[in-house]
Amino acid sequence: MTNPTDAAANDPQRAAEEVWPVCSGSSFDLWEPDTGDYYDSVRADSIQQHLHAKRLSQRETASSAFSELPEEVTKDPVTLPCLRPRVAFRDVTRANDSRTFRCALIPPDRVLTHKAPYLLQTWGTPVDEAYVLGVLSSMIFDWQVRRTTELNMTFEQLNQASVPDPGEGHPVRDRVTEIAGRLAAADDRFDVWTKQIGAEAGTVGDGEREDMLVELDACVALLYGLDTDDVTVLYDTFGLLDQWNDRRDAVLSTMRQMSEGPRDD
C-alpha cells in the first residue's frame, strides 16, 4: 500500500483532491484500528491547514498539551499528529460493558472527532507509546477504570488511573511492548511505526492472538505488583459470575510460569 501522504507530496493535484476519513469512537476497537465505520470525510489539504493553525493557537495556552511541545515542532506542519499512528480511545462507555476502556493505534491520515480523544506524545519514543498502548489495552487496566467510570471516559478520569513503568530494558515491560506492537500493527500502514519499535508487522492468527492477550494480562499484572490472589479477585469481579473463568485460569497459569522462570532440562 502506498502512503497517501508521500504520494500526495509529489503530486499537488492529488494533494488537493485527497480525502481522509473522519473517525469517531465506533471507527476502532481493541486491537482493531479501523472498523470502516466513519463519521464523515474531509479534504486532506484543508484539514491539515486547519489543524496546523489550531495547534499554533493552542500552544499559547498553558493548559493545552501542545504547550509542552518545542516551538520548532509545533511550527512544522509535517509533525501534525494526524500524519502518524496515534493511540485513541472511545469517549462513550459504560461500566457494565464487556470492556470499559477501548483504545487502538489509529492509522495515519485520519481525523478524529471529540468522541475519539487521542494521546498526544509530548516526550518519549514510539517504544514508550507501544508500552502504554499494551497496558491500556489489558483487562488489568480496564478493571481499574471500571471502578470510577459511568458514561464517559474523560482525560480527567484517565489521569486518575495509574500505569506502572519499571523503565525501558525491563524484560516484562519489553515483552508488553513487543506484544502490543504485534497486535496493533495490522497492515503496512503501520510499517514505519513497527520499525521504530522493532516489532514485526502482519496479521496475528486467532490462536496466537488469544495466547498473546493472556500473556499481556499476565505481564501487566506482574508490573502492577499483583499476585495470583489479586488477579483471581480481579477477574471474578470484572463482569458476570464465571464470565471470565477461562481467561482468569490462563492468566494465572502464565503468571506462575513467568514467576518460576525457565526450567533447566
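Descriptive notes on the structure:
- Residue count for region 30-60, restricted to those that are at pLDDT 95 or above and assigned to a loop (DSSP other than H, G, I, E, B): 9
- Residues being of a type in the set (Phe, Trp, Tyr) and either more than 30 Å from Trp31 (Cβ to Cβ) or in contact with a strand residue (DSSP E or B) (Cβ under 8 Å, 6 or more places away or on another chain) (or both) - total across region 47-93: 1
- Taking the numbered list (1) in contact (Cβ under 8 Å) with a residue 40 or more places away in the chain; (2) outside any helix (DSSP H, G or I); (3) farther than 25 Å from Arg55 by Cα in turn, Lys115 passes all entries but (3).
- Residues of region 98-112 satisfying the condition of being assigned to a loop (DSSP other than H, G, I, E, B) and over 16 Å from Leu158 (Cβ atoms): Ser98, Pro107, Pro108, Asp109, Arg110
- One residue from Phe141, Phe66 being in a helix (DSSP H, G or I) and surrounded by 21 or more Cβ atoms within 10 Å (Cβ to Cβ): Phe141
- Scanning region 235-265 for residues that are in contact with an Asp or Glu (Cβ under 9 Å, 6 or more places away or on another chain) and hydrophobic (A, V, I, L, M, F, W, C) returns Phe238, Trp244, Ala250, Val251, Met255, Met258.
- Of the helices (runs of 4 or more DSSP H) lying entirely inside region 151-265, those carrying at least 1 residues that are small (Gly, Ala, Ser) and under 19 Å from Glu129 (Cβ atoms) are 171-184.
- Any pair with Cβ under 6 angstrom, 6 or more apart, that starts in region 68-80 at a residue that is closer than 11 Å to Ala53 by Cα and without any contact (Cβ under 8 Å) to a residue 60 or more places away in the chain and ends at one that is charged (D, E, K, R) and surrounded by fewer than 14 Cβ atoms within 10 Å (Cβ to Cβ): none
- Yes/no for Leu133 being on the phi < 0 side of the Ramachandran plot, touching a residue at least 12 places away in the same chain (Cβ under 8 Å) and within 20 Å of the chain's Cα centre (by Cα): yes
- Out of Pro21, Pro33, sole residue that is in contact (Cβ under 8 Å) with a residue 24 or more places away in the chain and more than 23 Å from Ser137 (Cα to Cα): Pro21
- Restricting region 92-131 to residues that are among the charged types (D, E, K, R) and either modelled with pLDDT under 95 or more than 21 Å from Glu215 (Cα to Cα) (or both), the residue that is surrounded by the most Cβ atoms within 10 Å (Cβ to Cβ): Arg110
- Leading residue by the ranking (surrounded by the fewest Cβ atoms within 10 Å (Cβ to Cβ)) among those in region 146-195 that are basic (Lys, Arg) and over 28 Å from Met255 (Cα atoms): Lys195
- Evaluating Gly134 against the criteria (1) farther than 20 Å from Val233 by Cβ; (2) touching a Phe, Trp or Tyr at 6+ places or on another chain (Cβ under 9 Å); (3) surrounded by 18 or more Cβ atoms within 10 Å (Cβ to Cβ) leaves one unmet condition, (2).
- Taken over region 207-249, the criterion of being touching a Pro at 6+ places or on another chain (Cβ under 7 Å) and within 19 Å of Gly181 (Cβ to Cβ) is satisfied by Leu223 alone.
- Residue pairs meeting the criteria (Cβ under 8 Å; at least 6 apart or on separate chains; first within 15 Å of Leu226 (Cα to Cα), in region 242-254; second surrounded by fewer than 16 Cβ atoms within 10 Å (Cβ to Cβ) and not polar (S, T, N, Q)): Arg248/Asp236
- If you go through region 98-130 and keep only what is under 29 Å from Ser41 (Cα atoms), over 9 Å from the mean Cα position of the chain (by Cα) and among the acidic types (Asp, Glu), you end up with just Asp109.
- Put simply, of Leu240, Leu213, Leu252 the only residue that is surrounded by 13 or more Cβ atoms within 10 Å (Cβ to Cβ), farther than 21 Å from Leu136 by Cβ and not aromatic (Phe, Trp, Tyr) is Leu252.
The values are calculated or read from the model by the stated rules, or taken from the named source; none is laboratory data. Only a predicted model underlies this, so the values are computations on that prediction, with no experimental measurement involved. Positions of Cβ are backbone-derived with ideal geometry, glycine not excepted, and every protein chain shown enters the neighbour counts.
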